[in-house]
Structure formats: C-alpha cells, structure tokens
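Encoded as structure tokens, the structure appears first; notes follow it.
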C-alpha cells in the first residue's frame, strides 16, 4: 500500500511539473530543463516520449539540436512511403532548423524515445514544419 501511495504521489508530482513547463505534446513528458553552462541564451531539455500504434508525429523542427535514443523500437510510415523499422538502441541526431518527423506509428508496438535538446532559451521546443 505504501508503495502504491508513493507511486501515486510521484505521478502527481510529474503531472504538476509537466503542467508548469507547459506540456506541448501529450506523448512527451519533460524530465528536466536547465541552462547550458558557458552558453548564454541556450538550455538543455531532456524528455521521454511514447507514440502508441496509430499516433502521428507531426513534421517539425527545433531551434537547436536534438539527440534521441530509441528505448523501444517500432515500425513507422511516412505518407506515400513503405513502412520502416526504427529499431531499439539506435541514436538519432536532428540538426537546428532541419525538418523531421511526419510519420505514423504502425503495427502493434509503441515507439519510446528519450531525447535531449540543446535549444535557444525562450523559444518553443519545436515548431511545426510548413
């Protein structure tokens, strides 16, 4: 019972923290945000995201760089393209202002990704690509 109560309190704390940070996507949970030492105007943001089968990751870009690690791989599909695997254990780098995403998770496995962004402080973590 104590373990369940502690888990509930921890989840409530995460929910409050997420609300305070202005959660931008229901799939992404921001874990930590801090200033980047030695780089005024930049910050580091770490997050975990889970995209369930049928979820779409809209095409977007960042005001900085994104490094990602696929915690749980899945099959994804870009519009008009063949399905492709994003396997567990791969690393992904997305450069500043480079459009990426725009795929749908297909199959029966969720895609789970841990991300670290080094981005301009005071700007949105991402903007949707046009």
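When the stretch 70-86 is examined, which residues are found to be surrounded by fewer than 17 Cβ atoms within 10 Å (Cβ to Cβ) and under 21 Å from residue 29 (Cα atoms)?
71, 72
Which one of these is surrounded by 13 or more Cβ atoms within 10 Å (Cβ to Cβ), in contact (Cβ under 8 Å) with a residue 60 or more places away in the chain and within 17 Å of the chain's Cα centre (by Cα): 112, 104?
Being surrounded by 13 or more Cβ atoms within 10 Å (Cβ to Cβ), in contact (Cβ under 8 Å) with a residue 60 or more places away in the chain and within 17 Å of the chain's Cα centre (by Cα) holds for just one of 112, 104, which is 112.
Go through the stretch 89-130 and tell me which strands (runs of 3 or more DSSP E), entirely inside it, have 1 or more residues that are under 24 Å from residue 72 (Cβ atoms) and modelled with pLDDT under 95.
Output list reads 126-128.
Quickly run through the stretch 40-69 and pick out the residues that are within 14 Å of residue 107 (Cβ to Cβ) and surrounded by fewer than 15 Cβ atoms within 10 Å (Cβ to Cβ).
52, 53, 54 - these are the residues of the stretch 40-69 that are within 14 Å of residue 107 (Cβ to Cβ) and surrounded by fewer than 15 Cβ atoms within 10 Å (Cβ to Cβ).
The values are calculated or read from the model by the stated rules, or taken from the named source; none is laboratory data. Here the structure is a predicted model, which is why all the values come from computation and not from measurement. Neighbour counts run over all protein chains shown; Cβ positions are idealised from the backbone, glycine included.
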